[in-house]
Every structure is written in structure tokens, then in C-alpha cells.
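Trainee: Structure incoming, see below.
The values are calculated or read from the model by the stated rules, or taken from the named source; none is laboratory data. What you are looking at is a predicted structure, and each value in this text was computed from that prediction instead of being measured. Here the Cβ positions follow ideal geometry from the backbone for every residue, glycine too, while neighbour counts run over all protein chains shown.
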Amino acid sequence: MSEATVNPVTLREGEIDLSQFLKTGLKEIKEGEVIKGKVVAITQDSVLVDIGYKSEGTVHIREFYGSDGQFTAQVGDEVEVLVEKKEDEEGLILLSRDKAVRIRVWEELNKIFETGAKVEGRVISRVKGGLTVDIGIKAFLPGSQVDIKPVRNLDAFVGKTIPLQILKLTRTRGNVVVSHRAVLEKERDKLKVETLRNLEEGQELEGVVKNILDYGAFIDLGGIDGLLHITDLSWKRVNHPSEVLTPGDKIRVKVLKFDPERERVSLGLKQMKSDPWINVEKKYPLSARVKGKVVSLTDYGAFVELEEGVEGLIHISEMSWTKRIKHPSQIVEVGAEVDAAVLDVDPASKRISLGMRQIEPNPWETLPDRYPLGTRIKGRVKSVTDFGIFIEVEEGIDGLVHISDLTWNRRVSHPSELYKKGDIVEAAVLNIDKENERFSLGIKQLEADPWVGISDRYRPGQEITGLVRGATEFGLFVELEPGVEGLIHISELSNERVRSPQDVAKPGDEVKVMILHVDPEEKRIGLSLKALE
């Protein structure tokens, strides 16, 4: 870089050349003193500064390069410099701009520290335990002082300019500790006072979602946090606040409750909209057909969202006319759209009962038309119980054959003696109770009743041979013909005293007996061995 030439200044009449006047030696300088001067020339390795002394001072050129690498000096600029040495071997005064700046910065920082004022600082880099900040000199910003809440990613602050407060200033050690948190806390406290002064119940405010918990979210209203409980987030079902909110969201809320003494604020988000349950009876009249989305399943039914904030329950018993459903997941799944009929509306309890089966005809209503009495049907045995067997008539409709209707000609202790699950059997329709959804069938009714005309075939005093089918404590059962049995009471077994009926005859024995009486209605025939003796 070539040395710049300073053009002589032409003086007007009455003006004094101040630089010449100062060079007369009237101005005294001291080493270590900070004084002002003017750049008069720039050489390849230095900047010449006129400080009003008999000779110019020299500042190394590197001290005029900024952190961005740009050269900042121009001839005519006024600068502050520190006198390092009054004169060197060449008669020049050694000056330092950097040291002068550093002294002025420390003086300024000391004033700021004493008054508690803020200072702007640019974050230079991340270091162990915090950040390095440029506030004219390098200062340390501890990680705990970066923000009010813990900061996980300190690197995000690098390159940002932020307001700071000086916590510690030690010039001898060149140690400066600053805090961004202290500035934020002061601003928050100031804002809090203002917020509390104007806060009142029913007021609508804008806030920022601060943090989210299982039971709700805390909203920053400006220096004070309010609780937005999960039940006040939305009129619809919310399992977790994170379904509705995200930290940092700006939302508008209503003040539901305010306790100035304890500084507690309860907020509502759903209250910003009207209650969807108002006039719900008009929107969803009884028997109306509606469409909704399944939002949750329980053991006893499915909850269906009809609109935001309005849900109805389809009880498991209202899902099908004929299917035996153990769990709603057999019929519907979460997220599926379903059609249903409104069965009941209770606005006070915010409950709507829905039914899926009601949108289809009830098959039990037309069952008597499809299966008149006496109709022969064929079906599969679905289950065997102590009291009979269930036969599948059609999908979801089973008919019961009672144990007494299984056969005319056998005494049956348990239906499993004759049938097992999966057997294909034929039966006759005996009765249909559509109100109680019961279907009665009979197998023995497929054949003629052997008791019809029994009085014509068997008369009192008649002697007949039969087969002993069973023995009890009170007598013997004797089969007279298939499906017709008579009882020999223990008192009619012998003229002699009988301790046990089986002392006289056993099942499988053939015996000759006399008929004592015949009762067709009760289907009973009294027999006697004693009468033959």
C-alpha cells in the first residue's frame, strides 16, 4: 500500500491552523494515556495519526482490520489511541488503537455493570459449560443463564445477537460473566405485573403453549402461566393434550377462573366455540339415521363421533339382530364410518344411544312367516346343553330342541346320549316367540305321538308283557311299546315286603303285568305285579 499524501489546507482570513498550533509543543502527552487523533496517512504496514504533538504517531495497520476482514481506516478519520511509547528510534510515537478501544470498553462495561443496564452481545461460539459472547470484549455466558427454561441445543444461539446483563466483571483477570436469563426474568416480571393488573374472568387472551403434560398444558399469557386442563381443550374426546397442541403454538383462550392471591389461572380452549350439545335434540331426533366415525371401542360397545364434540354409544347389544357378539371389534373398527339410528338423546348427561341393527329389518319379525308351525327344518347342532340341543336355523338364529322333545321312545338323561355338536339333524317348528327371540323345535314331533289313542289300546285290568327299562327307589319303569312306558310302584311289586325294586326285576327283564289305570293327558300308566299273584 503506498503512503497517502495530505494536501495542504488553505486558510481563510482570520482562521488559525490548529494543527500547527498544537505542534508547537503546547500539548503534552503521557505514556498509557488515551487521546484522540486524526488519520493523516496510511502506509503499507502502519497508519499515521496526528495527535497534536510535534510528531505523528504510528499504529500498526492490522489494528484497523475488523473481524470480518475489512479495512476500516480512511485519511481524515478521528480515532482514539493509547500512547504506548512517546518516541521510537525514528522519532515516531508508538500508538495502539486496540488497547485504547479495550480501555474504553472496560470503562463502558463498568458503568453498565454498576447501573445494572443491559448490553447487546453476539454469540461467537459454544464452549464447555456455555457460550462465548462478544460485548466489545469476550464474555462467558453459562448454559444455565441462556434462557429461563433449560436449553438442550446451545448451538442454535451461535451467531445471534441477544440482550445481556453483566453478572461478574473482573478487569484484572479480564473475566466477564453475563446472563440472558436475568434479562428475560426482568422482562417477564414486568410483563407479569401488567398482565395481572388487566386479567379478569371471561377475558379472551392470546398465549403461547409452554409445555404439555398428561393432564393438560401450561400457556404463557405474558409473565404468568395459565393451566389449560385436558377437559377444556376440545368438545371432542382427547386422549392426550399433544393431539391438539404443540409447544410454541400461539392460541387464543378464555379465562375460566382467576385467583389473584395465588396467581392461578384456569383457561379454556373449547369455550372459544359454542357447546355442540346445545339443540342436539333437534339435530338428532329419535329414529333419525345418522353417519359417524368410530373413535373408540370398549367391551360393552363402540363410541361414534357424529360431529366435533358429540359422540354416541352403540351398545354391543344394538349391533346385530342375530349375531352373538362377544366384542365390538367383531363388527366395527376404530376409524371406520358407520350408519346408525338414534335410539335415545340425553342432553343433560351428554349421552346419545345409537343402534346399528335398527337400520335393517328385524329378521325375528318375519320369522313366523318364513317358518310356520310344523315346518320341517334341517340344521347343524351348534351346542349341546343339559336341557337340550341348539340347532342353527339360519345365520344368527338358533332353535332349541328341549330334552323332552328329543324322542318318544327313550328315556334320555342327557342330550349327548343322542347328539353331538356338528350333527346335521331334522326337526319340526313348535313355537316362535319373536318378542323374546326364542325358537322352539322338536325332533320327536316328526313322528306320530304314541300316546294318541292310548286308552283304546290299554284298559284297566288288562294283562300285558313289557320290558323293564329303568329302576328307581320307588319302582320300575316298563316299556309297553316304543314311546309308551308304565310304572310299577314299589307297593305294587309283591304282596311281600320289598326292600328294593331290583330285588324283583332288573332293567332288561321281561315281565307280565296288569294295567291298573291309564291317564292319556298326563301320559301315565299304572302297572302291577302284585295284582297277578
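Results for (1) touching a Pro at 6+ places or on another chain (Cβ under 7 Å); (2) within 29 Å of VAL310 (Cα to Cα), shown as yes or no for each residue.
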site: GLN203; (1), (2): no, yes
site: GLU206; (1), (2): no, yes
site: VAL209; (1), (2): yes, yes
site: ASP214; (1), (2): no, yes
site: LEU221; (1), (2): no, no
site: LEU227; (1), (2): no, yes
site: LEU233; (1), (2): yes, yes
site: HIS240; (1), (2): no, yes
site: PRO247; (1), (2): no, yes
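Trainee: Return a yes/no flag: does the stretch 355-373 have any residue that is closer than 17 Å to TYR284 by Cα, within 28 Å of the chain's Cα centre (by Cα) and modelled with pLDDT of 90 or more. Working first, answer last.
Mentor: Just the residues of the stretch 355-373 that are closer than 17 Å to TYR284 by Cα, to begin with: 355-356, 358-359.
Still in the list and also within 28 Å of the chain's Cα centre (by Cα): 355-356.
Retained after the next criterion (residues that are modelled with pLDDT of 90 or more): 355-356.
Yes, some residue in the stretch 355-373 is closer than 17 Å to TYR284 by Cα, within 28 Å of the chain's Cα centre (by Cα) and modelled with pLDDT of 90 or more.
Trainee: Sort through VAL133, VAL119 and tell me the only one that's out of contact with any Ser or Thr (no Cβ under 7 Å at 6 or more places or on another chain), closer than 13 Å to ASN175 by Cα and outside any helix (DSSP H, G or I).
Mentor: Working: VAL119 fails: closer than 13 Å to ASN175 by Cα.
When all the criteria are applied, what remains is VAL133.
Trainee: Filter the stretch 52-86 down to residues that are buried (at least 19 other Cβ atoms within 10 Å of the Cβ) and of a type in the set (Ser, Thr, Tyr) and give me whichever is farthest from ILE124 (Cα to Cα).
Mentor: Here the answer is TYR53.
Trainee: Sticking with this structure for a sec: Can you spot a residue in the stretch 122-135 that is over 30 Å from ILE29 (Cβ atoms), in contact with an Asp or Glu (Cβ under 7 Å, 6 or more places away or on another chain) and small (Gly, Ala, Ser)?
Mentor: Checking the stretch 122-135: not a single residue is over 30 Å from ILE29 (Cβ atoms), in contact with an Asp or Glu (Cβ under 7 Å, 6 or more places away or on another chain) and small (Gly, Ala, Ser).
Trainee: Which residues, taken from the stretch 331-348, are closer than 21 Å to GLY396 by Cβ and either polar (S, T, N, Q) or in a strand (DSSP E or B) (or both)?
Mentor: Once the filter is applied, which keeps residues that are closer than 21 Å to GLY396 by Cβ and either polar (S, T, N, Q) or in a strand (DSSP E or B) (or both), the stretch 331-348 yields VAL338, ASP339, ALA340, ALA341, LEU343.
Trainee: Among the residues of the stretch 228-240, is any among the β-branched types (Val, Ile, Thr), within 30 Å of ASP189 (Cα to Cα) and in contact with a strand residue (DSSP E or B) (Cβ under 7 Å, 6 or more places away or on another chain)? Quick ask: steps written out before the conclusion?
Mentor: In the first step, residues of the stretch 228-240 are kept if they are among the β-branched types (Val, Ile, Thr); the result is 230-231, 238.
Cutting the leftovers down to within 30 Å of ASP189 (Cα to Cα) gives us 230-231.
The next check asks that each one be in contact with a strand residue (DSSP E or B) (Cβ under 7 Å, 6 or more places away or on another chain); those that pass are 230.
Within the stretch 228-240 (the criterion being among the β-branched types (Val, Ile, Thr), within 30 Å of ASP189 (Cα to Cα) and in contact with a strand residue (DSSP E or B) (Cβ under 7 Å, 6 or more places away or on another chain)), the answer is yes, since at least one residue qualifies.
Trainee: Using beta carbons and a limit of 7 Å, which pairs, at least six apart or on different chains, have the first residue in the stretch 42-57 and farther than 9 Å from ILE93 by Cα and hydroxyl-bearing (Ser, Thr, Tyr) and the second one at pLDDT 80 or above and surrounded by fewer than 17 Cβ atoms within 10 Å (Cβ to Cβ)?
Mentor: Here the result reads SER46/HIS60; SER46/ILE61, each pair linking the stretch 42-57 to a residue that is at pLDDT 80 or above and surrounded by fewer than 17 Cβ atoms within 10 Å (Cβ to Cβ).
Trainee: Another one. Among the residues of the stretch 452-501, write down those that are under 17 Å from LYS523 (Cα atoms) and assigned to a loop (DSSP other than H, G, I, E, B).
Mentor: VAL452, GLY453, TYR458, ARG459, PRO460, PRO482, GLY483
Trainee: Could you tell me whether the stretch 447-468 includes any residue that is modelled with pLDDT of 90 or more, within 27 Å of PRO501 (Cβ to Cβ) and in contact with a Pro (Cβ under 7 Å, 6 or more places away or on another chain)?
Mentor: yes
Trainee: Sort through LYS85, LYS111 and tell me the only one that's within 27 Å of GLY32 (Cβ to Cβ) and outside the structural domain of GLU28 (by TED's automatic domain parsing).
Mentor: Numbers: LYS85 fails: outside the structural domain of GLU28 (by TED's automatic domain parsing).
Matching residue, one of LYS85, LYS111: LYS111.
Trainee: May I pose another question? Mind listing just one residue for me: the one in the stretch 87-128 that is among the acidic types (Asp, Glu) and closer than 22 Å to SER46 by Cα and, of those, surrounded by the fewest Cβ atoms within 10 Å (Cβ to Cβ)? So that I can check it myself, show each step before the final result.
Mentor: Filtering the stretch 87-128 down to residues among the acidic types (Asp, Glu) leaves 87-90, 98, 107-108, 114, 120.
From the residues that got through so far, the ones that are closer than 22 Å to SER46 by Cα too are 87-90, 98.
Numbers: GLU87: 13, ASP88: 11, GLU89: 5, GLU90: 7, ASP98: 14.
My answer is GLU89.
Trainee: Suppose we keep only residues that are touching a helix residue (DSSP H, G or I) at 6+ places or on another chain (Cβ under 9 Å) and of a type in the set (S, T, N, Q) within the stretch 283-316. Which one would you say is surrounded by the fewest Cβ atoms within 10 Å (Cβ to Cβ)?
Mentor: SER287
Trainee: Give me the strands (runs of 3 or more DSSP E) completely within the stretch 199-281, filtered to those with at least 3 residues that are farther than 22 Å from VAL151 by Cα, ordered by residue number. Lay out the reasoning, then the answer.
Mentor: Details: elements: 204-213, 216-220, 225-229, 250-259, 264-268.
Because the criterion is at least 3 residues that are farther than 22 Å from VAL151 by Cα, the strands (runs of 3 or more DSSP E) in the stretch 199-281 that meet it are 204-213, 225-229, 250-259, 264-268.
Trainee: Turning to a different aspect of this structure: Among the residues of the stretch 470-489, is there at least one that is touching a Ser or Thr at 6+ places or on another chain (Cβ under 6 Å), surrounded by 14 or more Cβ atoms within 10 Å (Cβ to Cβ), under 27 Å from LEU406 (Cβ atoms) and not charged (D, E, K, R)? First the steps, then the outcome.
Mentor: If we filter the stretch 470-489 for residues that are touching a Ser or Thr at 6+ places or on another chain (Cβ under 6 Å), which is where we start, we get none.
Checking the stretch 470-489: not a single residue is touching a Ser or Thr at 6+ places or on another chain (Cβ under 6 Å), surrounded by 14 or more Cβ atoms within 10 Å (Cβ to Cβ), under 27 Å from LEU406 (Cβ atoms) and not charged (D, E, K, R).
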